[in-house]
Structure formats: structure tokens, C-alpha cells
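The structure appears right after this line, and notes come after that.
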Amino acid sequence: MRVLAVWIVVGSCLPCLPGACGPLRNRSSITGSVGRILIWVKMGFPGIRTLRAVNWVQPVLAASFCLCGTVAGTFVFGGCPAVDNPYRAYPSPAYNDFVAKVQPIVGPKCGNLGCHGSRDRTLTLYAVGFLRAPPPFAGASLMENQLTDTELAWNYDALRIRLLDEPDKAQARLLLKCLPVSKGGILHGGGVEVFPDTSDPNFQALAAWAKSAK
């Protein structure tokens, strides 16, 4: 029965797809009554000369085949399977704290051209004196001595998404990659050690912001 449902759903929807006419014109490549119906539809319903003169008949009939096939397939399959909680909200550490305490740290330390101040990096950060958003996306007029709201929001999102799927924010990869391996950190591309250890005030500020995420 499931095979029949696949025939109905997939087969009946094919006439609606642009460019599907070519493969369906070869009768020898399709077997069964569904295949013959599809060929008949794609060839313009030969044998119904009077209806072919009406321009709207063919698309209406084709749509009817799609609808009937979909409904029939749904009944055979017993409905669509339920998806278990597909939505996961991003962590939301305080935005104001990011602007006041985190951006002044990650901007000069991580936003330079040799680090994350490049668009070809997985993590891209905007920073004063380095990479800036192009004018159409910069929001307000670009100022040399401070980031725009759009650039700040980009940096905020770029860092908070890295707290996703981190049950213990204190051990998040975002934090551990900033520390030397000898101090409990993990390997950072290029061997960069952003902070010497967890006692660094800048690391503590970043860690406090990450741990505030809900």
C-alpha cells in the first residue's frame, strides 16, 4: 500500500512540474495505469478535442490530479509523521551587557583582519578600524569611531549562536577556545591564545556574559 501511495503522490504531482514533459512522452519507460494517465495529461489530453480548445482545462485537470493524488497518499500513509519540537530558541544573554562589556573586548582582540575580521571566516566580527559592514547593510550612516546598531547586532548574534547546545555555558567552546590548552582550553585555529587564563578580567567579563544566557 505504501508503494501505491508513492506512485499516487509522486506520479500525480509530476504533471505540475515544468520540464517534466520530456521523460513522460516515452511510454516504454513508464508502466502501469498511473503512468499512462500521466502521459495522457502531459500530451494535452488527446481524444478530448473539444476540451483542448479551452485554455484553462489542462491546468485545472492537472491540478486536480495533484490534489487527488496528495489526498489519497495522505490517507494511505495515515498522515504526516509528527516532528518533535523542531524549534530551538537561540540563547539570549543580555544585549546591553554585550555592547558595554563584551564588544570592547572582542572587537580589538578578535575583530582584526588576521583573526575574525574577515568575511571568509566561519565567525565574522565587525570592529572599529577593521572590517565594517558594507553601506547597504550598515544601517545608520557609517562612523569611523563606533559600530552601527546593525554591526553590533550582527556581532551579538554571531557570538550568542555559539552558545546553542551548550548546557554548561561556563564550559562553552566559545570560552574554552579563548584559553591555552595548558589552562583547560581547547585548540584555537592558528594556535591563538586570546586570554592567558581564567583569572584575566576580560575573560571573566566574557564568561559572565555567556553564563547569563537563558
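Structure above, values below:
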{"read-out": "Residues that are surrounded by 12 or more Cβ atoms within 10 Å (Cβ to Cβ) and either free of Cβ contacts under 8 Å to residues at least 24 places away in the same chain or not β-branched (Val, Ile, Thr) (or both), drawn from region 181-195", "value": "181, 183, 184, 185, 186, 188, 193, 195"}
{"read-out": "Condition met for residue 159 (in the same structural domain as residue 195 (by TED's automatic domain parsing) and modelled with pLDDT under 95)", "value": "no"}
{"read-out": "Members of region 188-203 found to be assigned to a loop (DSSP other than H, G, I, E, B) and within 21 Å of residue 111 (Cβ to Cβ), listed by number", "value": "188, 192, 193, 194, 195, 196, 200"}
{"read-out": "Residue match in region 98-110 (condition: at pLDDT 90 or above, closer than 16 Å to residue 178 by Cα and either charged (D, E, K, R) or not in a helix (DSSP H, G or I) (or both))", "value": "yes"}
{"read-out": "Any hit, region 176-183, residues being touching a Gly at 6+ places or on another chain (Cβ under 8 Å), farther than 18 Å from residue 95 by Cβ, assigned to a helix (DSSP H, G or I) and assigned by TED's automatic domain parsing to the domain that holds residue 100", "value": "yes"}
{"read-out": "Failed criterion for residue 155 (all others in (1) touching a residue at least 12 places away in the same chain (Cβ under 8 Å); (2) part of a loop (DSSP other than H, G, I, E, B) hold)", "value": "(2)"}
{"read-out": "Any chance residue 178 is surrounded by 15 or more Cβ atoms within 10 Å (Cβ to Cβ) and farther than 23 Å from residue 96 by Cβ", "value": "no"}
{"read-out": "Some residue of region 204-212 being buried (at least 17 other Cβ atoms within 10 Å of the Cβ), in contact (Cβ under 8 Å) with a residue 40 or more places away in the chain, of a type in the set (Lys, Arg) and part of a helix (DSSP H, G or I)", "value": "no"}
{"read-out": "Tally of residues being closer than 16 Å to residue 159 by Cα, touching a residue at least 12 places away in the same chain (Cβ under 8 Å) and either loosely packed, with under 15 Cβ neighbours inside 10 Å or β-branched (Val, Ile, Thr) (or both) across region 118-136", "value": "2"}
{"read-out": "Sole exception among (1) at pLDDT below 95; (2) of a type outside the set (Gly, Ala, Ser); (3) more than 21 Å from the chain's Cα centre (by Cα); (4) more than 16 Å from residue 121 (Cα to Cα) for residue 192, by number", "value": "(4)"}
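The values are calculated or read from the model by the stated rules, or taken from the named source; none is laboratory data. Every value quoted in this text rests on a predicted model; they were computed, and no experiment measured them. Positions of Cβ are generated from backbone atoms using ideal geometry, with glycine treated the same way; all protein chains shown enter the neighbour counts.
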